[in-house]
Amino acid sequence: MKKKLSFLLAMVMAFTFAACGASNEENTDQPVQKTEESTDKKENSTAKSPDNDLVVAMQADATHLDPHVSGNGVSNTVTSTMYESLITFDSNSKIIPMLAKEWKVSEDGMSYTFILNEGIKFHDGEPFNAEAVIANWERGKEDSTLRVAAQTKQWDTAVADSEYQLTITLKEPNNTFLNKLTQIRIISPKAIKELGKDGLAKASAGTGPFVFSERVDGGYTKMVRNENYWREGPKVDTLTFKVVPEDGARIAMLKTGEADLISPVPPVQVEKISGDPSIVIENNKGITYRYVTLNKNYTLPDGRKPLDDVRVRQAMNYAFDNEAFCKVVFQGYAVKPTSIFSDSIMYYAEQTPYDKDLEKAKSLMKEAGFEEGFPVNVWVDNTTLETQGAEFLKQQLAEINIDVNVMPMESTTIADMTSLPEDQTEVQMWYVNWSSGSYEADGSMRNILHTEKFPQAGYNTAFYSNPEFDKLLDDALKSTDSAEIAELYKQAQSIVWEECPWIFLANDNSILAQKSYVKGVVYKAGGDFVLTNVELEQ
């Protein structure tokens with residue numbers, strides 16, 4: 001299978017490379033979000049749903065259903081249907097009320113007081129109130145391995161002023177507090193105590209519009225409508241997230257109606273479904289950043305550490321043709337990166353791109369003593385698009401004698417393996433993507449690059465450590481001057497861009513598709529979608 005894939009990629013590349021150096025302006029014929037054509041299809045289509053059960057076909061599985069445990073994109077999508085936060089983002093990335101109906105900030109920026117909505121109950125019947133929020137904070141204090149612990153450790157105190165009023169005081173000013181608060185989903189205190197992580201992997205105890213029903217790891221997660229939801233909710237009876245790694249299979253399911261919504265749509269398949277009047281395509285500029293982590297500790301049998309040498313890491317970037325990657329693998333639905341996160345994120349600062357330069361790459365490899373190259377493994381999710389991207393990477397690095405062994409695996413397996421600490425991990429390179437659910441610069445860098453975020457505390461699987469970079473991020477959090485914050489983040493981006501703890505690959509679009517009879521889905525920047533008010537026309 002791998003040989004066939006490499007051959008097919010080579011044939012596609014041979015056919016398209018002539019145009020790979022073209023500028024972005026030549027790519028203006030690509031579909032855009034909500035074109036007149038797609039809107040007409042949606043309005044004119046007579047397709048009706050055969051049932052009232054919503055099926056969403058996803059590329060990968062949620063790694064855990066406890067929202068305090070897992071924080072990857074798929075897990076967030078699944079758990080957000082069962083759990084809610086005090087505040088959230090709307091479709092324009094503006095912070096809006098959710099479980100909290102209003103809030104105010106003290107003059108010194110240290111205390112935040114929230115007025116909570118009343119009469120809300122968790123799925124287990126327990127009441128939602130200020131004490132429930134405090135219990136979630138205390139859970140993070142007691143178990144530092146939880147994802148929520150990293151988000152709440154900046155809290156100094158959380159006090160219930162009354163049953164429905166809560167004041168959170170920070171240890172020091174943090175201008176990203178509200179953004180990060182959108183990522184903390186509230187669990188019933190009773191469930192935290194009685195179920196724990198293991199129990200919450202097969203149950204739900206949130207306030208969300210759907211209640212857990214059943215799950216098969218690697219297969220599907222099914223939910224039913226929350227009949228006691230506290231506000232207007234979904235009109236579908238059930239919601240099922242099906243795990244369908246193979247791109248063509250997801251497309252086939254959408255065409256036949258076996259799936260009502262699919263995520264993501266493989267770029268190569270967009271044109272194949274764009275003429276179907278029963279399908280609506282959502283193509284949005286994404287905030288997803290695609291890269292390969294380079295573990296500096298990777299050691300060859302002779303004791304040398306090639307990825308610990310910045311010259312080798314830079315050579316790998318000069319050897320990689322981003323523009324060809326965007327066109328061959330993503331069919332133009334991606335752009336060449338010019339910093340370490342998307343230009344849609346606040347405080348983005350453009351860097352000088354690593355244009356492909358084989359001579360420079362070979363010179364750097366020779367200078368570093370690796371002219372003959374070296375073997376290295378790259379871990380990648382076993383989905384079609386991810387594997388194709390990793391095979392493309394393999395072909396590119398072969399030009400500077402780096403022999404990449406592509407190792408596709410289940411996403412849950414990789415999640416477990418990349419969470420091991422520095423002295424236990426076997427990761428060498430990891431082909432991965434990242435998007436900050438908080439839509440800000442700190443969230444786009446800290447958890448994957450800061451020294452404090454080595455696994456298990458975060459996802460810094462390059463084990464990159466630079467004290468100057470860390471200080472820039474830490475100082476930026478405390479600043480209230482937007483110009484100073486911008487300068488600090490600019491310097492931070494420049495350092496990482498120069499030191500190359502990753503191979504910088506691309507920023508890809510978020511492409512999803514749904515049946516025209518699916519109504520009420522809210523699509524957010526970066527590919528998130530909200531199913532709170534979803535319904536199926538019948």
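Once both labels are positioned 7 Å from their Cα atoms along Cα-to-Cβ, the gap between THR352 and GLU246 label points is 4.7 nm.
Does the chain classify as rounded, prolate or oblate by the C-alpha gyration tensor (a ≥ b ≥ c root eigenvalues; a/c under 1.5 gives rounded; else a/b over b/c gives prolate, otherwise oblate)? Because a/c hits 1.5 or more and a/b fails to exceed b/c, the chain counts as oblate. Of the solvent-accessible surface of segment 48-104, computed with a 1.4 Å probe and all protein chains present, 48% belongs to carbon and sulfur.
May I ask for the net charge around ALA201, where only other residues with Cβ less than 13 Å from the Cβ of ALA201 are counted and Lys, Arg are +1 while Asp, Glu are -1? That works out to -2.
All other residues whose Cβ lies under 11 angstrom from that of LYS235 are scored, Lys and Arg at +1 and Asp and Glu at -1, for a net of -2.
Label reach from GLU142 (point 7 Å along Cα→C-beta): in segment 191-230, amide nitrogens under 12 Å belong to 191-197. Once the C-beta distance of ASP302 and ASP217 is scaled by a Förster radius of 30 Å, the resulting FRET efficiency is 0.15 to the nearest 0.05.
The largest accessible area among TRP434, TRP155, TRP103 belongs to the first residue in TRP103, TRP434, TRP155, and the rest follow in falling order (1.4 Å probe, all chains). Residues whose amide H falls under 5 Å from that of ILE287, counting only those 5 or more places apart or on a different chain, are GLY526, with hydrogens built in the peptide plane. Sorting 276-289, 324-337 by average packing, meaning the other beta carbons within 10 Å per residue, from highest down gives 324-337, 276-289.
In this simple spin-label approximation, ASN92 and ASP156 carry label points 7 Å from Cα along the Cα→Cβ vector, and these lie 3.5 nm apart.
Taking the Cα centre of the chain as the origin, how large is its charge dipole in debye, to the nearest 20, when only Lys and Arg (+1) and Asp and Glu (-1) carry charge on their Cβ atoms?
About 760 debye.
Solvent-accessible area of segment 328-433 (1.4 angstrom probe, protein heavy atoms only): carbon and sulfur portion equals 44 percent. What the phi angles of segment 366-378 give under the Karplus curve with 6.51, -1.76 and 1.60, with θ = phi - 60°, is a coupling list of 5, 4, 7, x, 10, 4, 7, x, 6, x, 7, 8, 10 Hz, glycine and proline written as x. Based on C-alpha pairs under 8 angstrom that are at least 6 apart in sequence, segment 199-343 has a relative contact order of 13 percent.
Based on C-alpha pairs under 8 angstrom that are at least 6 apart in sequence, the chain has a relative contact order of 21 percent.
Kindly identify segment 407-538 as rounded, prolate or oblate by the Cα gyration tensor criterion: order the square roots of the eigenvalues as a ≥ b ≥ c, call it rounded if a/c is under 1.5, otherwise compare a/b with b/c, prolate if a/b is larger, else oblate. In terms of gyration-tensor shape, oblate. Using a probe radius of 1.4 angstrom, the carbon and sulfur fraction of the accessible surface of segment 122-164 is 45%.
When only the Cβ of Lys, Arg, Asp and Glu is charged (+1, +1, -1, -1), the dipole of segment 337-413 relative to its Cα centre reaches about 80 debye. Need one word for segment 73-174: rounded, prolate or oblate. Basis is the Cα gyration tensor (sqrt eigenvalues a ≥ b ≥ c); a/c below 1.5 gives rounded, then a/b vs b/c decides. Rounded.
With Cα atoms defining each centre, segment 132-182 and segment 471-537 are spaced 23 Å apart in the structure.
Other residues lying with their Cβ under 15 Å from the Cβ of PRO301 contribute a combined charge of -2, Lys and Arg counting +1, Asp and Glu -1. In a reduced charge model with +1 at each Lys and Arg Cβ and -1 at each Asp and Glu Cβ, segment 138-245 shows a dipole moment near 340 debye about its Cα centre. Taking all protein chains into account, the per residue accessible area for the chain stands at 42 Å² (1.4 Å probe).
The values are calculated or read from the model by the stated rules, or taken from the named source; none is laboratory data. Keep in mind that this is a model prediction, so the values were computed, not measured. All Cβ positions, even for glycine, are placed from backbone atoms using ideal geometry, and neighbour counts span all protein chains on display. Quick note on the areas: whole protein, heavy atoms, side chains included, nothing else; ligands and nucleic acids left out. Shrake-Rupley method; radii C 1.70, N 1.55, O 1.52, S 1.80 Å.
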